[in-house]
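The values are calculated or read from the model by the stated rules, or taken from the named source; none is laboratory data. Please read all numbers here as calculations on a predicted model, not as lab measurements. As a convention, Cβ positions derive from the backbone with ideal geometry for all residues, glycine included, and neighbour counts pool all protein chains shown. These area figures cover heavy atoms from the full protein model, side chains too; ligands, DNA and RNA do not enter into them. Shrake-Rupley method; radii C 1.70, N 1.55, O 1.52, S 1.80 Å.
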Amino acid sequence: MSKRLISSPLQGFTDFRFRNAFHEIFGGIDTYYAPYIRFGGKLEIKNSYKRDLDPENNRVPELIPQVMTAKAEEFLHAAEYVRSLGYTELNWNLGCPYPMACKKGMGSGLIHDAEKIDTILAQVHQESDITVSMKMRMGYYEPTEILDVFPVLEKYPIKSIAIHARLGKQLYKGSVDLDSFKNCLGHTTQPIYYNGDITSVEAYRDRVERFPEVDTFLIGRGLIADPLLPSMIKADSTKFPADSVQKMYEFHNRLFDEYDAFLQGLSHLMSKMHNFWEYYSVGFSNPKKVYKRIKKAKNIIQYKIAVKEIMQEEEAFRSR
Ligand SMILES: Cc1cc2nc3c(=O)[nH]c(=O)nc-3n(C[C@H](O)[C@H](O)[C@H](O)COP(=O)(O)O)c2cc1C
């Protein structure tokens, strides 16, 4: 059975520009989850989310919007909005670890409250025909928190439960807890997807071997660090294709040009690209040196020269 790969969303990174360029240059991803819609007090969808989800801006095969909320009325508002754009599924984020969100009982701060999850899902399913899927961690403090949520989810036609095998309190640090993830598999009949630290073909193979019943895997940071990864997984190859650096250069240049056209001012552009390189540099043979070089560039000319040299050196390294 061939496995499916989902692009796990990264707020601030995997917007429509990233997704389109990724799909057209690298491919290998079957479905893209969009970064979450969040409400700032008002029942209103912000323009940045509208732009990101606009079907006219999106050219990937399948895009699934996401919402992060602990209120049924916000969920329903997001559901109605995405339905109006033609989407049929809305993914619910119960994974975000940020203390600001968790303190308000959102993201992974909601996992311990199975009763509230039940109330929200009951209202959503009563008032909307949207298909709901979940993206969760195993808990905020304990990996057993999720076990009380499974029976609640079983009451509804939940399409899938993607689980990032960490706890909220870990943020993005520490190791994934593969034993607790394995334990989840025996506690629900609904489809579980795996997420967490798939950063290489070997890591992917390891997860497939451990969890043969899982047919869908999410890749987040690994997609930026090694954008060739999904296509190499699909080709079952651990060898970079001959044009890997060329493609990485093209991808970078396309994002740079699109952000340059969209963002106001050099400082916004540079800060966007610096953030991008924080993850992108990880896939290079000397990540620290690469990131340092990017940060040292003070203007666009210096930046472009630095990128060109980085790509040339990587090309030389990979063709050794
Ligand atoms: C900067 C950043 C932003 C993220 N934004 C989202 C988001 O909007 N929605 C979501 O479900 N997960 C979000 N995540 C979590 C990732 O999608 C993913 O679940 C997590 O990084 C674990 O997968 P990985 O080890 O493959 O990166 C974010 C993670 C990071 C580091």
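Applying the selection to segment 118-135, what residues are assigned to a helix (DSSP H, G or I) and either among the hydroxyl-bearing types (S, T, Y) or within 16 Å of the ligand (Cβ to nearest atom) (or both)? Across segment 118-135, the qualifying residue is only T119.
Taking the residues in segment 172-184 that are in a helix (DSSP H, G or I) and open to solvent by 20 Å² or more (accessible area, probe 1.4 Å) as candidates, determine which candidate is nearest to the ligand (Cβ to nearest atom). Filtering segment 172-184 for residues that are in a helix (DSSP H, G or I) and open to solvent by 20 Å² or more (accessible area, probe 1.4 Å), the one nearest to the ligand (Cβ to nearest atom) comes out as L178. Within segment 1-93, considering only strands (runs of 3 or more DSSP E) that don't extend past its boundaries, which have at least 1 residues that are within 11 Å of the ligand (Cβ to nearest atom) and small (G, A, S)? Fully inside segment 1-93 and qualifying: 4-7, 31-37. Can you find a residue that is open to solvent by 20 Å² or more (accessible area, probe 1.4 Å) and in contact (Cβ under 8 Å) with a residue 60 or more places away in the chain anywhere in segment 136-150? For segment 136-150, residues open to solvent by 20 Å² or more (accessible area, probe 1.4 Å) and in contact (Cβ under 8 Å) with a residue 60 or more places away in the chain: absent. Would you confirm, using the coordinates I've provided, whether G222 is under 14 Å from the mean Cα position of the chain (by Cα) and within 15 Å of the ligand (Cβ to nearest atom)? So G222 passes the test. Say we look at segment 191-206 and pick out the residues that are open to solvent by less than 20 Å² (accessible area, probe 1.4 Å) and more than 14 Å from the chain's Cα centre (by Cα); which of these is nearest to the ligand (Cβ to nearest atom)? Filtering first and then ranking leaves A203.
Screening the candidates K159, K169 for the property of being away from the ligand (no atom under 13 Å from the Cβ), open to solvent by 50 Å² or more (accessible area, probe 1.4 Å), in contact with a strand residue (DSSP E or B) (Cβ under 8 Å, 6 or more places away or on another chain) and closer than 26 Å to L10 by Cβ yields one hit, K159.
Contact map, segment 192-206: residues that are closer than 28 Å to E154 by Cα and outside the structural domain of I161 (by TED's automatic domain parsing) paired with residues that are outside any helix (DSSP H, G or I) and within 9 Å of the ligand (Cβ to nearest atom), Cβ distance under 7 Å, separation 6+ or inter-chain. No pairs are found.
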